[in-house]
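Note sheet for the following structure.
The values are calculated or read from the model by the stated rules, or taken from the named source; none is laboratory data. These numbers come from a predicted model, not from an experiment. As a convention, Cβ positions derive from the backbone with ideal geometry for all residues, glycine included, and neighbour counts pool all protein chains shown.
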Amino acid sequence: MTETPEIRVDEPAAEPACTVPHPDGPIEATVRSLVARIPPGGSTGWHRHDAWQTGIVARGRLRHRTAEAVRHYGPGDVLVEPPFVDHEASNVSDEELVLVFVAVHPEGRPLATPRAAP
């Protein structure tokens with residue numbers, strides 16, 4: 001996820017917990033729980049992750065776009081993102097979007113890599 005001044009990701013510290021497959025070969029990774037807060041009308045911008053992400057919408061409405069699909073999620077809905085898929089998430093509600101997610105974060109890699117829109 002691309003962090004912008006209006007988007008905040010609460011990220012507690014964590015120690016490496018597992019080894020994950022990666023195109024460069026197996027790498028150490030940390031499993032993190034995070035909270036993303038996106039204001040009404042805000043967006044993450046297009047980005048991708050190097051490993052799996054799973055989230056649940058706690059508040060607000062999320063529009064999740066990939067080159068292949070647009071999906072909408074509301075409170076209680078679960079979103080699963082496979083690695084290396086370019087996507088963008090937007091808050092399409094009139095309240096703050098709160099997304100609680102678990103991220104597999106490969107060591108030495110950014111949590112998210114900015115990408116151009118398709």
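A few points about this structure:
- Qualifying residue in the stretch 45-65 (condition: of a type in the set (S, T, N, Q), surrounded by 15 or more Cβ atoms within 10 Å (Cβ to Cβ) and more than 18 Å from Pro23 (Cβ to Cβ)): no
- Test: Phe84 is at pLDDT below 95, outside any strand (DSSP E or B) and either out of contact with any helix residue (DSSP H, G or I) (no Cβ under 6 Å at 6 or more places or on another chain) or of a type in the set (Phe, Trp, Tyr) (or both): yes
- Scanning the stretch 103-117 for residues that are part of a loop (DSSP other than H, G, I, E, B), in contact with a Lys or Arg (Cβ under 9 Å, 6 or more places away or on another chain) and not aliphatic (A, V, I, L, M) yields one hit, Arg115.
- Considering residues of the stretch 72-117 that are surrounded by 12 or more Cβ atoms within 10 Å (Cβ to Cβ) and of a type in the set (D, E, K, R) only, the residue farthest from the chain's Cα centre (by Cα): Glu96
- Just one of the numbered conditions (1) among the aliphatic types (A, V, I, L, M); (2) at pLDDT 85 or above; (3) part of a loop (DSSP other than H, G, I, E, B) is not true of Val100: (3).
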